[in-house]
Amino acid sequence: KKKKIMNKVIGGYYPYNYEIDILNLLKKLEKKNYTISLPRIGKNKIMNFYQWSIKEPLKINIYGIPEPLSKKKVNPDVLLIPLVAYDQELNRLGYGGGFYDRYLSSIEKNKKVLKIGLGYSFQKINKLPINQYDKKLDYIITEKNSI
């Protein structure tokens, strides 16, 4: 009996404000039959991921960030997370809205998510101020190396 290969869901982001552009990577992953999703900010500043294809249009949210129009909510297996800053301990700093930390707090009660931070090597700092709500990443990848 053949085991069914599960279709992995990738949670990406639409590059905004000098974030690393991952659109080519998302296009390649979609061609390899991964399900692609992007975040959308809903009521009460709650972020969720919705299925999206590279061919589909997006709408601009109140923060100026493109979001999928899809109604199909998904829970990613792998999350590609943009970084404002990071440290050697796999801590990340975002834009300060806490969207990813809140999302991960809720989703990781039921599912393990592989968290990969994407940034530039110059965004690394010695030590980030962290609190109990901050979620560590599993990996950080930059144009020069990975942690």
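The values are calculated or read from the model by the stated rules, or taken from the named source; none is laboratory data. No experiment lies behind these values; they were computed from the predicted model shown. Reconstructed Cβ throughout: ideal geometry from the backbone, glycine too, with neighbour counts over all protein chains shown. Note: accessible area is taken over every heavy atom of the protein model, side chains too, but ligands, DNA and RNA are not part of it. Shrake-Rupley method; radii C 1.70, N 1.55, O 1.52, S 1.80 Å.
Just a few scattered comments:
- GluC sites (Glu not before Pro) restricted to segment 24-109 and DSSP loop, no more than 16 other C-beta within 10 Å: Glu89, Glu108
- Rounded to the nearest 20 debye, the dipole size of segment 24-132 about its Cα centre is 380 debye, using +1 on the Cβ of Lys and Arg and -1 on the Cβ of Asp and Glu.
- Environment charge at Ser121 (Cβ cut-off 13 Å; Lys +1, Arg +1, Asp -1, Glu -1): 0
- Longest exposed-site-free window of the chain, the sites being trypsin sites (Lys or Arg not before Pro) in a DSSP loop that have at most 13 other C-beta atoms within 10 Å: 73-108
- Among [x] 15.9; [y] 15.2; [z] 16.3, the entry that matches Kirkwood radius over Cα pairs in Å as calculated here: [x]
- Dividing the mean sequence gap of close Cα pairs (under 8 Å, 6+ apart) by how many residues the chain holds gives a relative contact order of 21 percent.
- Net charge of Cβ neighbours under 11 Å - reference Lys55; Lys, Arg +1; Asp, Glu -1: -1
- Segment 45-77: chymotrypsin sites (Phe, Trp or Tyr not before Pro) falling in loop per DSSP and having at most 16 other Cβ within 10 Å: Tyr63
- Residues Ser146, Ser105, Ser70, Ser37, ordered by accessible area of protein heavy atoms at a 1.4 angstrom probe radius and largest first, appear as Ser146, Ser105, Ser70, Ser37.
- Ordering Asn44, Leu83, Ser121 by the projection of their Cα atoms onto the charge dipole of the chain, which places +1 on the Cβ of Lys and Arg and -1 on the Cβ of Asp and Glu, puts Asn44 at the extreme positive end.
- Ranked from largest to smallest solvent-accessible area, with a 1.4 Å probe on the protein heavy atoms, Tyr100, Tyr14 come out as Tyr14, Tyr100.
- The residues packed around Pro82, meaning those with a beta-carbon under 11 Å from its beta-carbon, carry a net charge of -1 if Lys and Arg are +1 and Asp and Glu are -1.
- Accessible area per residue in Å² at 1.4 Å probe, computed on segment 1-132: 64
- In the chain, helices alone account for a calculated mean residue ellipticity at 222 nm of -3500 deg cm²/dmol, with every DSSP H run of four or more residues adding -39,500 (n - 2.57).
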